[in-house]
Amino acid sequence: MTDKIIINDEIQGRRGRFFIFFTAAFAIIAVDQWTKWLVRRDIPLGVSWLPEWLEWLSPYVRFLHIQNRGASFGMFQDGNLIFIIVSLLIVCGILFYVTKMEHDSKWMWVAAGLYLGGAVGNLIDRVLFGAVTDFISVGTFYIFNIADASINVSVAMLVILVWMSERKTSISGEESKPDDHP
C-alpha cells in the first residue's frame with residue numbers, strides 16, 4: 001500500500017511541476033505575442049514612442065518598433081530559415097530535457113518554462129512574419145522584446161539555481177564526511 005502511495009505522490013508531484021512549466025511558458029508566449037501585436041498595430045516601423053507623461057524617460061527607455069531578421073544584437077541578418085531550424089531544435093531540446101528533469105525546485109521548472117516561452121514567442125514571429133518584432137529600447141543597449149527578456153531571465157535563474165543547488169550539495173556533502181580525528 002505504501003508503494004502505491006509513494007508512486008501516486010511522485011506522479012502528482014511530476015504533474016504539478018509540468019503544470020508550472022507549461023503555465024510559465026504559455027504566459028510568456030501570450031504576453032509576448034500580445035505586446036508585439038500592439039506594437040505592430042500602434043507604432044510604425046522605425047518610430048520611437050513613449051506616453052506623453054513618460055517623455056522624461058525618453059533618453060533612457062522608449063518603445064522603438066524594429067523588425068529583427070537576425071540574431072541578438074542584430075547579428076546574422078537574413079538568416080531566418082536557419083534561425084527557425086535552430087529555434088525548433090532548441091524547443092525540442094527543452095521539451096526533451098524537462099521530460100528527464102527530476103529537479104524538485106519549482107523555480108527550476110519556472111525557469112525552464114520561461115526559456116521555452118521565449119523561444120516559442122520568437123519562433124512564432126519568424127514563422128508568421130519572417131522577422132522578430134523588437135520594441136523595448138533601454139539606453140544604447142540592443143532593442144529587445146518580452147521573449148528575449150524571458151530567455152535572459154531564465155538563463156540567469158538557471159545559473160543561480162544550479163549554483164545554489166551545487167553549493168547546498170557540497171555543504172551537506174562536507175558535513176556528512178566522517179571525521180579524521182579519533
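Numbers at a glance
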| quantity | calculated |
| --- | --- |
| Failed criterion for TYR115 (all others in (1) in contact with a Pro (Cβ under 9 Å, 6 or more places away or on another chain); (2) free of Cβ contacts under 8 Å to residues at least 60 places away in the same chain hold) | (1) |
| Selection count where residues are in contact (Cβ under 8 Å) with a residue 40 or more places away in the chain and either surrounded by 20 or more Cβ atoms within 10 Å (Cβ to Cβ) or in a helix (DSSP H, G or I) (or both), scope region 97-112 | 8 |
| Out of ASP148, ASP78, ASP134, sole residue that is surrounded by 14 or more Cβ atoms within 10 Å (Cβ to Cβ), among the acidic types (Asp, Glu) and either modelled with pLDDT under 90 or not in a helix (DSSP H, G or I) (or both) | ASP134 |
| Candidates ILE90, ILE94, ILE66, filtered to the one that is surrounded by 13 or more Cβ atoms within 10 Å (Cβ to Cβ) and within 25 Å of PRO44 (Cβ to Cβ) | ILE66 |
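The values are calculated or read from the model by the stated rules, or taken from the named source; none is laboratory data. The model shown is predicted, which means the values in this text are computed figures rather than measured ones. Every residue, glycine among them, receives a Cβ derived from its backbone with ideal geometry; neighbour counts consider all protein chains shown.
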